[in-house]
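First up is the structure itself, then whatever we jot down about it.
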Amino acid sequence: MLRSLTIDPDKCTGCLQCEMACSYENEGVFNPAKSRIKVFTFHDEGRFVPYTCTQCDEAWCLHACPVDAIRMNRETGAMEVSDSVCVGCKVCTIACPFGTVNYNQDTGKVIKCDLCGGDPKCASACPTAAITYVDADATGLDKMRAWAARTDNAASASN
Amino acid sequence: MKHVIIGAGPAGIVAAETIRKLDADATIVVVGDEPEPPYSRMAIPYLLTRSIGEQGTYLRKQDDHFRQVGIEVVVDRVASVNPGTRSLLLADGPGMQYDTLLVASGSTPILPPVPGIGGDRVTSCWTLEDARRIAAGIRPGSSVVLIGAGFIGCIILEALVSSGARLTVVEMGNRMVPRMLDETCGTLLEKWCNSNGITVMTGSQVEAVEDQGDSALVRISGGRSVEAQLVISAAGVRANAGFLEGAGVDLSDGAVVIDEYMCSSVSGIYAAGDVACGRDFSTGEYSVQAIQPTAVEHGRLAANNMVKHGSVTHQGSMVMNVLDTIGLISASYGQWDGVAGGDSATLEDRENYRYLQLQFEGDRLIGANTLGMTQHIGVLRGLVQGRFSLGAWKDRLKDNPLLIMEAYLAVTQGTG
Amino acid sequence: MSWTKKILRVNLTEGRIEEEPLNMEWAAQYIGQRGLATRYMFEETDPGCDPLGPGNRLIFATGPLTGTMASTGGRYSVITKSPLTGAIACSNSGGFIGAELKSAGWDMIIFEGKSPGPVYLNIVNEHAELVGADDLWGKSVWETDRLIHERTGDPQTRIAAVGRSAEAGCLYAAVINDLHRAAGRSGVGTVMASKNLKAVAVRGTRGVGNIKDPARFLRSTTEQKKVLAENAVTGQGLPAMGTQVLMNVINEIGALPTNNMQEVQFKDANKISAEAMQEPRESDGKPNLTTNAACFGCTIACGRISTIDQGHFSVENKPEYWGNSGGLEYEAAWAMGADTGVGDLDALTYTNFVCNEDGMDPISFGATVAAAMELYEKGAITSEQTDGMELRFGSAEALVWCVQKVATGEGFGADLGLGSRKLCEKYGHPDLSMTVKGQEFPAYDPRGVQGMGLTYATSNRGACHLRSYTVASEVLGIPEKTDPLVTDGKAGLVKAFQDATAAVDSMGLCVFTTFAWTLDNMAPQLDAACEGDWDVDRLLEAGERIWNLEREYNMRAGLSGADDTLPPRLLKDAARTGPAEGKVCGLDQMLPEYYSIRGWTENGQLTDETRKRFALPA
């Protein structure tokens, strides 16, 4: 059974432990600016919303890549960017309608969530279980997929 | 079933692989006219900067990838197509039968019609072969004239600058990348280029290229001239559909007009990518978009309909572009130039080369231009293509256009 | 490591900005943040200097764990000489700007001199510049925050600013960061405004690395986060109720100072408590409390995010106050509530918002209003001074009027901005000022919690609960229960808390972790992150060294053992209700022992031996 990140914004306190865990795992430095997961703050509403790639089935990023640098990891279901193949053309960053693939100007490559190879550090760092890593059919993911579908030009395409 | 695909670019290769996924037994042949493995033109700028080798431009990296998935890749040029017999003729090889045919033959650069344009010192920047010629033709200190500051022209600027060339860019329009960026954005980009030591002449035309032996004299409107060792023409492209002459396929400005099933006016013949005149998501009109995401989308959808006609409907592709001009990144989405009766929001930070412009129709986002932004810009696509009603967030975006991510979360997750 | 080892030195007089290496020899002795910045203050200022003159320094300092994954590792402090007390000031704050500064590559910013005109400092990683702020002068913190964000165009820019109160000279003006976190006490904001420095804006994208032993650090921080999660106070009480969990508890033990500390219990405590904040309102069915919120890296998340009832008189027709913002913490709710006798939760939330909006310390503000109310009760202040406003205990209208006046410094607001001591002196009743060394008390009556009496009297920054929070032991039983009504053993307890807290405040961690952690839990985290061997003994020694250096600074600034005292009310007037009924604070039973175990003279002066023991600078 594939697992996926499930996010419950109601539980988020905005502490950014997830951003630090993510950046440390991927960049070796505590640096929210380099995190693949991002907590958005709605100050007036008093809400915090963590947000990252849902590893959507449609995988716009993967399809948009002109050099085959994004592949699906069959064990985790994550779309992974191969740094050695990515040329930094950024087409995936505009093709992903969720805004979760971002260009890293320091490296000239794009970065996105890869579920840390099946042990997402954001989830283990989250003190309130706002971010959990659960079976992919758990509720919540379906909801995100439903939003995804609204953007899908080819939702009915069978591949 | 035998599916023949003309063109080994992204649209053709994605179509071929999609067909294979849908039908394990189908015969699939890709005919491409360049003597290279299928590669991506998008990667050429990075080849020129030597960030990658030629192999880094290949669409699929594994040597025998196409053989392994049972896709035959033929290097040849299609001479003509006969829909009556469902067959085509190749320039060098034997004829070929097909059950369905995908025209994904892309486009070819057009050279501006000026005297001397056919000279040895003039090249396009379109194919791997062009790239090799440019790489060989530039030395540190070389003077290079680039005709056209469109997408293709701009994307290779960094490579030209980093090779040590002195650059002059001649653009007919009143700003850089006029088909992708609005006036403020294009003008800022010009300023950026100037600050990087590039001479940019907008509102200008090359009038002649005169061979002077070891250099060429490029005559530019307004009585100016520049001596150059290399002239690169990036003045636009036209669809590659000459081989369809006599096939009865409806063309518009030389491109194949396709319906919602990616099919041309002739049954069994489909088209995708730069050669296809397809539906535009934003306007509902038919046009050639000539961009990577559309090529791939066309390819996938065409493949589905080639295997089972009518299985998938094309709702229209959205125009979107991203461009890296010597490290300054710009992007455009949908109707970035707005619509009559629409509304817009702008954030302008000239000093730091940052710009964000949003276009609304009612309370929906319909297009955007960005400059100097790299984070979460994809969500602009999500907002435009989802046709989300922004409600109160429209005013918040007008106050602060940077809140695009927040607006997206708010309208999709009911936050705020 | 974990220090960035870089200081940004900003000479405001000359508009000059320089980078310099952090003095690592001092860092080994004083850790960072509070301790290390005090060392710089000691080196660079004349302790006798005018706090509001160009000779004073203003230091923004992070700790070595600031910006790391250690829970609560987002702290920074503002260190300067206080205009309220004339003593060294160190005000600690959370939010996000501390970690952002570290992420930009800086351990500290040292401001010198005084800018000829209003400026703000804009930092983007290694780039720092002073930007003209004529257009920001006269604006609130919130407005300043909005305008600077408009300029940087980056929502992630973190901003600390002073409000109109600081500009007007209010002596307890705070530095507010991230809209509602405060380096609140001792008038550090007043010093900032005196230098014509309106704000500090920071964007850091370099991150914090240089961890000595990353694997051990991650293991240790993960382990210690679990300790916080499993502790009843840090795992449940604080996230659910915030510090306001204390309101009813402290009232019950008869230590909730009321009506300018005339009483020790407040009849309306339950109306302004954590529980009250969770009650749905009649008007819109929503509770005052929307959610809890965390500072950077904090896994406790005690912060309150609240709204005010839109129909409440304080915000009627003022939609700018209808959204969520920083809600009441215990000390603020006490000072503006119990101490003024105001039991109106919405009024307190509003005054709390305004304290954030225009940068006032709500403790000093509330306590000063309380003093003004007693002066009014006594007839020393009349409605002539207050434009007709009746400053009566229990009047929410009066409280709301006062906050608006202090925010701008208009009219009677200028008097209220003097703080309790100078206000009471001005109106002829210095004995009514509930202060130590000029700083207003926080929310624990030392007649009901004896150790807090010694804490207040000896605190290096004037009356303060955060220098040795013996409430933990005397009320909550952490780390072990002591009797709040006895004085025996409190000298040792206070010293132990003072030293440990000085170490915590110097590491980049939040003192609220100490409900669950001791230095035993912190030392391994610091040791895994930082060069040098850091164990509990070394932290305690550093803490004691810091305490002694602060004391030395104050002695040189002209303070003496005579300042280690409490207002006569607490020493002579017995508590009239509750468990402490009949008690006064037995300071004289604790102070001599305290001096003795500190290694000070019986007049409270450091001895050469003590100076030598801690290698204090000459």
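The values are calculated or read from the model by the stated rules, or taken from the named source; none is laboratory data. This is a predicted model, so every value here is computed, not measured. Here the Cβ positions follow ideal geometry from the backbone for every residue, glycine too, while neighbour counts run over all protein chains shown.
Can you tell me which of (1) over 22 Å from C:E150 (Cβ atoms); (2) touching a residue at least 60 places away in the same chain (Cβ under 8 Å); (3) in contact with a Gly (Cβ under 6 Å, 6 or more places away or on another chain) is the one B:Q385 doesn't meet?
Against the list (1) over 22 Å from C:E150 (Cβ atoms); (2) touching a residue at least 60 places away in the same chain (Cβ under 8 Å); (3) in contact with a Gly (Cβ under 6 Å, 6 or more places away or on another chain), B:Q385 comes up short only on (3).
Give me a count of the residues in region B:359-375 that are away from chain A (no Cβ under 14 Å) and either part of a strand (DSSP E or B) or surrounded by 21 or more Cβ atoms within 10 Å (Cβ to Cβ) (or both).
4
If you take the residues of region A:19-38 that are within 22 Å of B:R381 (Cβ to Cβ) and in contact with a Leu (Cβ under 9 Å, 6 or more places away or on another chain), which of them is farthest from the other protein chains (Cβ to nearest Cβ)?
Step by step, filter region A:19-38, then rank; the result is A:I37.
Specify which of the listed residues (C:E320, C:E279) is modelled with pLDDT of 95 or more and within 14 Å of another protein chain (Cβ to nearest Cβ).
Testing whether each residue is modelled with pLDDT of 95 or more and within 14 Å of another protein chain (Cβ to nearest Cβ) leaves just C:E320.
Quick one: in region C:302-319, of everything that is small (G, A, S) and over 22 Å from the mean Cα position of the chain (by Cα), which residue is farthest from C:Q244 (Cα to Cα)?
C:G311
Select, from C:R203, C:R181, C:R216, the only residue that is of a type in the set (D, E, K, R), closer than 29 Å to C:K5 by Cβ and surrounded by 24 or more Cβ atoms within 10 Å (Cβ to Cβ).
Answer to the selection: C:R181.
How many residues does region C:529-551 hold that are part of a helix (DSSP H, G or I) and surrounded by fewer than 22 Cβ atoms within 10 Å (Cβ to Cβ)?
So the count comes out to 5.
For region B:376-416: of the residues being within 12 Å of chain A (Cβ to nearest Cβ) and at positive phi, which is farthest from the chain's Cα centre (by Cα)?
B:G416
Conditions (1) at pLDDT 95 or above; (2) among the β-branched types (V, I, T); (3) within 23 Å of the chain's Cα centre (by Cα), marked per residue:
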position	(1), (2), (3)
C:V200	yes, yes, yes
C:G209	no, no, no
C:K212	yes, no, no
C:Q224	yes, no, no
C:P239	yes, no, yes
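For residues that are within 11 Å of chain B (Cβ to nearest Cβ) and outside any loop (DSSP other than H, G, I, E, B), tally how many sit in region A:49-94.
13
Taking the criterion of being aromatic (F, W, Y), under 30 Å from C:E425 (Cβ atoms), over 17 Å from the mean Cα position of the chain (by Cα) and surrounded by 24 or more Cβ atoms within 10 Å (Cβ to Cβ), would at least one residue in region C:320-343 satisfy it?
No, region C:320-343 has no match at all.
Only one residue in C:T221, C:T157, C:T152, C:T144 is outside the structural domain of C:A529 (by TED's automatic domain parsing) and in contact with a Leu (Cβ under 7 Å, 6 or more places away or on another chain), so which one is that? Write out each step before concluding.
Details: C:T221 fails: in contact with a Leu (Cβ under 7 Å, 6 or more places away or on another chain); C:T157 fails: in contact with a Leu (Cβ under 7 Å, 6 or more places away or on another chain); C:T152 fails: in contact with a Leu (Cβ under 7 Å, 6 or more places away or on another chain).
Only one candidate qualifies: C:T144.
If I filter region C:426-435 for residues that are closer than 16 Å to C:G169 by Cβ, outside the structural domain of C:Y594 (by TED's automatic domain parsing), touching a Gly at 6+ places or on another chain (Cβ under 7 Å) and surrounded by fewer than 24 Cβ atoms within 10 Å (Cβ to Cβ), do I get at least one hit?
Taking region C:426-435 as the starting set, the residues that turn out to be closer than 16 Å to C:G169 by Cβ are C:426.
Subset that is outside the structural domain of C:Y594 (by TED's automatic domain parsing): C:426.
With the extra rule that they be touching a Gly at 6+ places or on another chain (Cβ under 7 Å), the set shrinks to none.
No, region C:426-435 contains no residue that is closer than 16 Å to C:G169 by Cβ, outside the structural domain of C:Y594 (by TED's automatic domain parsing), touching a Gly at 6+ places or on another chain (Cβ under 7 Å) and surrounded by fewer than 24 Cβ atoms within 10 Å (Cβ to Cβ).
Based on this model, can you work out whether B:A247 counts as closer than 26 Å to B:A43 by Cα, among the small types (G, A, S) and either touching a residue at least 60 places away in the same chain (Cβ under 8 Å) or surrounded by fewer than 20 Cβ atoms within 10 Å (Cβ to Cβ) (or both)?
no
Filter region C:243-260 for residues that are surrounded by 24 or more Cβ atoms within 10 Å (Cβ to Cβ) and either touching a Lys or Arg at 6+ places or on another chain (Cβ under 6 Å) or under 11 Å from C:R447 (Cα atoms) (or both) and give the result.
Correct list: C:A255, C:L256, C:P257.
Determine whether region C:560-580 contains at least one residue that is closer than 27 Å to C:G254 by Cα, acidic (D, E) and part of a helix (DSSP H, G or I).
Looking for residues that are closer than 27 Å to C:G254 by Cα, acidic (D, E) and part of a helix (DSSP H, G or I), one finds at least one in region C:560-580, hence yes.
Can you work out which of the residues in region B:211-266 that are in contact with a Ser or Thr (Cβ under 8 Å, 6 or more places away or on another chain) and of a type in the set (S, T, N, Q) is nearest to B:E297 (Cα to Cα)?
If we take residues in region B:211-266 being in contact with a Ser or Thr (Cβ under 8 Å, 6 or more places away or on another chain) and of a type in the set (S, T, N, Q), then B:N240 is nearest to B:E297 (Cα to Cα).
One line per residue, one yes/no per condition, for (1) acidic (D, E); (2) without any contact (Cβ under 8 Å) to a residue 40 or more places away in the chain:
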site	(1), (2)
C:T455	no, no
C:G462	no, no
C:R467	no, yes
C:E474	yes, yes
C:K481	no, yes
C:G489	no, yes
C:L509	no, no
C:A528	no, no
C:D533	yes, yes
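Taking the residues in region B:293-313 that are over 19 Å from the mean Cα position of the chain (by Cα) and part of a helix (DSSP H, G or I) as candidates, determine which candidate is farthest from the other protein chains (Cβ to nearest Cβ).
Among residues in region B:293-313 that are over 19 Å from the mean Cα position of the chain (by Cα) and part of a helix (DSSP H, G or I), the one farthest from the other protein chains (Cβ to nearest Cβ) is B:M306.
Condition first: surrounded by fewer than 23 Cβ atoms within 10 Å (Cβ to Cβ) and of a type in the set (K, R). Now tell me which residues in region A:35-50 satisfy that.
A:K38
For a quick check of your reading: which helices (runs of 4 or more DSSP H) sit entirely within region C:1-119 and have at least 2 residues that are without any contact (Cβ under 8 Å) to a residue 40 or more places away in the chain and not assigned by TED's automatic domain parsing to the domain that holds C:D499?
Filter on region C:1-119 gives C:24-30.
Is it the case, given these coordinates, that B:A290 is under 20 Å from B:G268 (Cα atoms) and more than 7 Å from chain A (Cβ to nearest Cβ)?
So B:A290 does not fit the description; no.
Are any residues in region A:32-82 farther than 24 Å from C:Q156 by Cβ and polar (S, T, N, Q), and if so, which ones?
Passing the criteria: A:Q55, A:N73, A:T76, A:S82.
Looking at (1) more than 9 Å from chain A (Cβ to nearest Cβ); (2) at pLDDT 95 or above; (3) in contact with a strand residue (DSSP E or B) (Cβ under 6 Å, 6 or more places away or on another chain); (4) over 30 Å from B:L48 (Cα atoms), can you tell me which one B:G316 breaks?
(1)
Here is a yes/no grid of residues against (1) in a strand (DSSP E or B); (2) within 13 Å of another protein chain (Cβ to nearest Cβ); (3) surrounded by fewer than 18 Cβ atoms within 10 Å (Cβ to Cβ):
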position: B:V4; (1), (2), (3): yes, no, no
position: B:R20; (1), (2), (3): no, yes, no
position: B:D25; (1), (2), (3): no, no, yes
position: B:E34; (1), (2), (3): no, no, yes
position: B:V73; (1), (2), (3): yes, no, no
position: B:P115; (1), (2), (3): no, no, yes
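For A:Y24, indicate whether it is in contact (Cβ under 8 Å) with a residue 40 or more places away in the chain, within 30 Å of B:S51 (Cβ to Cβ) and of a type in the set (S, T, Y). Talk me through it step by step, then tell me what you get.
Working: in contact (Cβ under 8 Å) with a residue 40 or more places away in the chain: yes; within 30 Å of B:S51 (Cβ to Cβ): yes; of a type in the set (S, T, Y): yes.
It is true that A:Y24 is in contact (Cβ under 8 Å) with a residue 40 or more places away in the chain, within 30 Å of B:S51 (Cβ to Cβ) and of a type in the set (S, T, Y).
Within the bounds of region C:129-144, is there any residue that is modelled with pLDDT of 95 or more, within 30 Å of A:T107 (Cα to Cα) and in contact with a strand residue (DSSP E or B) (Cβ under 7 Å, 6 or more places away or on another chain)?
Yes, the conditions are met somewhere in region C:129-144.
In region B:355-373, is there at least one residue being free of Cβ contacts under 8 Å to residues at least 24 places away in the same chain and under 30 Å from B:C193 (Cα atoms)?
no
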